[in-house]
Protein chains: 2
Amino acid sequence: MKKIINDPANVVTESLRGLAAAHAELLRVHEDPALVVRADAPVPDKVAVISGGGSGHEPLHGGFVGPGMLDAAVPGAVFTSPTPDAVQAAVAATTGAAGALLIVKNYTGDVLNFETAAELAAAEGLEVRSVVIDDDVAVADSTFTAGRRGVGGTVPLEKITGAAAARGASLDEVEALARKVIGQVRSIGVALTAPTVPHVGEQSFTLGDDEIEFGIGIHGEPGRERIPAEPADALIERMVAAVAEDLPFAAGDRVLLFTNSMGGTPQLELYLAHGIAERRLAERGIAVERRLVGPYITSLEMQGISITLLKLDDELIDLWDAPVNTAALRWRS
Amino acid sequence: MKKIINDPANVVTESLRGLAAAHAELLRVHEDPALVVRADAPVPDKVAVISGGGSGHEPLHGGFVGPGMLDAAVPGAVFTSPTPDAVQAAVAATTGAAGALLIVKNYTGDVLNFETAAELAAAEGLEVRSVVIDDDVAVADSTFTAGRRGVGGTVPLEKITGAAAARGASLDEVEALARKVIGQVRSIGVALTAPTVPHVGEQSFTLGDDEIEFGIGIHGEPGRERIPAEPADALIERMVAAVAEDLPFAAGDRVLLFTNSMGGTPQLELYLAHGIAERRLAERGIAVERRLVGPYITSLEMQGISITLLKLDDELIDLWDAPVNTAALRWRS
């Protein structure tokens, strides 16, 4: 293992220090428990939107903390769920009378620990709701998951619920919106190489020089099948078909197409893949009305990509376009 | 070689198609010769700012095309200089009476081909100037370079000259500003792994499991020395010292610190490195007043980072903060 780190036990803390130094105008970092919180938290009379999970998927979630998106992110150790007390601390730091929505990716540890934290917060009189995202079409159950995994759809989910909360939506409204997004977002990922978790010190799995893991999880969990490497045209068609046929997305649908790098894929390949996905969707009569291309939910240095489709309507487009100011996503409408 | 591509000969063209599809509001792509041009080019009465070079360093340069930065980018084949006719076409597509500034990284092929293009444009009555950036402190001469290489400093150079041009600065003023930036920006890079050029099909060099190339070039050119892998604290101090002692940057100086991923380094490690660099500079009494952290000038999937320091004053801070709207850099002041 060769990495730009000191002690593997301190990787997350040291990385958070760098995040805080780089983005002091947006966020503050607490080290114990590890939290990333909006610089101006708590924001009065606003529903707090909070997410978190194991580290190693950056910029998810700390890079999405700021006006128009998350109020707090709770990073666990690498590929390890955050503890209930850390989640509870994030709720305490951001949540007032308007309550909080917890966005939880469907991994057993995350689901349990966020649930426990929500109960602890409720016992203190705070109104906290949770939603669980499970957008990965690859497999029905997985290594760390009962049901489908939560993956790339988490990014538009956080953006859209964050925008609604910023506009003053109630907790009921933000929760209903989150369930709507979860109901119409689907993803699939592939891996060309494996990541190496610092405190493990060796690659999470092995892939042959001519193999691709189709349906990979963001922690390197096995997917649907291991396939021979194939040209991008065939691979992207395979990915688009898996996602489009699941919901299903149909001719006439309007979508957000999110082409994501798992970390180690060069941007040259990522945009090439994105262009193919756009054409494959056009052939199906599916209208790509918004795009996001880049490394937004990663698996350390893993080479691979994921494709996420979110079915859009005017409400979701308006919320997607709303201003956001975070380390990783930043625009004004 | 395992990559998300079709024919290695078409990688750049296919990637540009994806870029165009993803960012139609910002830019247009021409395929032969390969060009990325602002969607609203030519912008009347504005100095055109144009750059380019071999592909494989994305988002440099196409990801920086848009209001407040570049008018056009000229991508060559992977790690290969663009041809003079391509550069000339970029000038023709963007340049009016206000003239154009060509920003050239110091590689022999780039310098020759941009010079030839400038002469061809001058013969057609256009006023075109060139500046050559050579900010890499690693080595005096290199594989493809007489003199120092042009690397990470190119990003703030393009941002700052683009901002001045957007505000209506004359060609004389934009050129003088570019020379000022080049005079006070310095960089160094390290590699943990090698990239693989698609049309070559094998890694550009080999590094042992316990080796780091200190002073790597963005095409994998050798640096100062091959060192044993060491903790991040030691490695970042070595990098900061190399850059800070070169200009030199001294106590009391105000700087932009740009911590760049070469492509394959996880963001977890990149922010960790950034945090250490901030502390090392603080210990020297150098004030970090602006930051940029991310993969902005890459070497395909190479794992490694570079550190760039730009000495700031009020003028440069004001231009750095000025609005920019490109695929890779986007903010309002």
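The values are calculated or read from the model by the stated rules, or taken from the named source; none is laboratory data. Given the structure is predicted, the values throughout are model-derived calculations rather than measurements. Please note: Cβ atoms are built from the backbone with ideal geometry, for glycine as well, and neighbour counts cover all protein chains shown. Quick note on the areas: whole protein, heavy atoms, side chains included, nothing else; ligands and nucleic acids left out. Shrake-Rupley method; radii C 1.70, N 1.55, O 1.52, S 1.80 Å.
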Practice task
Evaluate the stretch B:231-251: report whether one residue or more is open to solvent by 40 Å² or more (accessible area, probe 1.4 Å), under 24 Å from B:A140 (Cβ atoms), aliphatic (A, V, I, L, M) and assigned to a loop (DSSP other than H, G, I, E, B).
Solution key: yes
Practice task
State which residue is nearest to the chain's Cα centre (by Cα) when the search covers only the stretch A:258-291 and only residues that are of a type in the set (A, V, I, L, M) and open to solvent by 10 Å² or more (accessible area, probe 1.4 Å).
Solution key: A:V288
Fill in the blank from the handout: Taking first residues from the stretch A:224-236 that are within 12 Å of chain B (Cβ to nearest Cβ) and second residues anywhere that are surrounded by fewer than 14 Cβ atoms within 10 Å (Cβ to Cβ), the pairs with Cβ under 7 Å that are 6 or more apart or on different chains are A:P228/A:D210; A:A229/A:D210
Fill in the blank from the handout: Taking the stretch A:133-148 and keeping only residues that are more than 10 Å from A:T108 (Cβ to Cβ) and either among the small types (G, A, S) or assigned to a strand (DSSP E or B) (or both), one is left with A:I133, A:D136, A:A138, A:A140
Problem - Qualifying positions in the stretch B:94-106 - within 17 Å of the chain's Cα centre (by Cα) and open to solvent by less than 10 Å² (accessible area, probe 1.4 Å) - result: B:L101, B:L102, B:I103, B:V104, B:K105
Handout entry: Number of positions in the stretch B:69-93 that are within 10 Å of B:S55 (Cα to Cα), open to solvent by less than 10 Å² (accessible area, probe 1.4 Å) and not in a strand (DSSP E or B)
Key = 1
Fill in the blank from the handout: Within the stretch B:176-195, restricting to residues that are part of a helix (DSSP H, G or I) and of a type in the set (A, V, I, L, M), the one that is nearest to B:L101 (Cα to Cα) is B:A178
Exercise for the section: Under 6 Å between Cβ atoms, at least 6 apart or on separate chains: pull out the pairs that start in the stretch B:96-120 with a residue that is hydroxyl-bearing (S, T, Y) and end on any residue that is modelled with pLDDT under 95 and in a strand (DSSP E or B). Expected result: B:Y107/B:T145
Practice task
Hey, can you tell me all the residues within the stretch B:318-333 that are within 14 Å of chain A (Cβ to nearest Cβ) and open to solvent by 20 Å² or more (accessible area, probe 1.4 Å)?
Solution key: B:D321, B:P323, B:N325, B:A327, B:A328, B:R330, B:W331, B:R332, B:S333
Completion exercise
Subset of the stretch A:299-316, residues open to solvent by 10 Å² or more (accessible area, probe 1.4 Å) and farther than 25 Å from A:A164 by Cβ, comes to A:E301, A:Q303
Handout entry: Top-ranked residue in the stretch A:94-117 [being part of a loop (DSSP other than H, G, I, E, B) and of a type in the set (S, T, Y); ranked as nearest to A:S15 (Cα to Cα)]
Key = A:Y107
Problem - Pair list, Cβ < 9 Å and 6+ apart or interchain, from the stretch B:39-68 residues that are more than 12 Å from B:T154 (Cβ to Cβ) and within 14 Å of chain A (Cβ to nearest Cβ) to residues that are open to solvent by 10 Å² or more (accessible area, probe 1.4 Å) and among the basic types (K, R) - result: B:V65/B:R38; B:G66/B:R38; B:G66/B:R330; B:P67/B:R38
Completion exercise
B:D32 passes all but one of the listed conditions (1) assigned by TED's automatic domain parsing to the domain that holds B:G152; (2) over 22 Å from the mean Cα position of the chain (by Cα); (3) farther than 18 Å from B:A100 by Cα; (4) surrounded by 18 or more Cβ atoms within 10 Å (Cβ to Cβ); the exception is number (4)
Practice task
Go through the residues of the stretch B:260-269 one by one and say whether even a single one is among the hydroxyl-bearing types (S, T, Y) and either without any contact (Cβ under 8 Å) to a residue 24 or more places away in the chain or more than 12 Å from chain A (Cβ to nearest Cβ) (or both).
Solution key: no
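Quick grid of which residues meet (1) of a type in the set (V, I, T); (2) within 21 Å of A:T265 (Cα to Cα); (3) not assigned by TED's automatic domain parsing to the domain that holds A:K105:
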| site | (1), (2), (3) |
| --- | --- |
| A:V155 | yes, yes, no |
| A:S170 | no, no, no |
| A:L192 | no, yes, yes |
| A:P228 | no, yes, yes |
Exercise for the section: State whether one or more residues within the stretch A:46-62 are surrounded by fewer than 20 Cβ atoms within 10 Å (Cβ to Cβ) and either assigned by TED's automatic domain parsing to the domain that holds A:L300 or not small (G, A, S) (or both). Expected result: no
Exercise for the section: Can you run down the residue pairs with Cβ atoms below 7 Å, 6 or more apart or on separate chains, where the first is in the stretch A:1-30 and within 9 Å of chain B (Cβ to nearest Cβ) and assigned to a helix (DSSP H, G or I) and the partner is open to solvent by 10 Å² or more (accessible area, probe 1.4 Å) and hydroxyl-bearing (S, T, Y)? Expected result: A:S15/B:Y271; A:G18/B:Y271; A:L19/B:Y271; A:A22/B:Y271
Practice task
Could you check, for the stretch A:49-64, whether at least one of its residues is touching an Asp or Glu at 6+ places or on another chain (Cβ under 8 Å) and part of a helix (DSSP H, G or I)?
Solution key: yes
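The rows are residues; the columns are (1) under 14 Å from the mean Cα position of the chain (by Cα); (2) within 14 Å of chain A (Cβ to nearest Cβ); (3) surrounded by 15 or more Cβ atoms within 10 Å (Cβ to Cβ).
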| site | (1), (2), (3) |
| --- | --- |
| B:A123 | no, no, no |
| B:L126 | no, no, yes |
| B:D141 | no, no, no |
| B:G162 | yes, no, yes |
| B:Q184 | no, no, yes |
| B:T196 | no, yes, yes |
| B:Q203 | no, yes, yes |
Exercise for the section: Determine which single condition B:L120 fails, assuming it passes every other condition in (1) part of a loop (DSSP other than H, G, I, E, B); (2) more than 26 Å from B:A241 (Cβ to Cβ). Expected result: (1)
Fill in the blank from the handout: Within the stretch A:278-315, restricting to residues that are in a helix (DSSP H, G or I) and in contact with a helix residue (DSSP H, G or I) (Cβ under 6 Å, 6 or more places away or on another chain), the one that is farthest from the other protein chains (Cβ to nearest Cβ) is A:R280
Practice task
Select from the stretch B:196-222 the residues that are of a type in the set (S, T, N, Q) and assigned to a loop (DSSP other than H, G, I, E, B) and write down the one among them that is nearest to B:A234 (Cα to Cα).
Solution key: B:T206
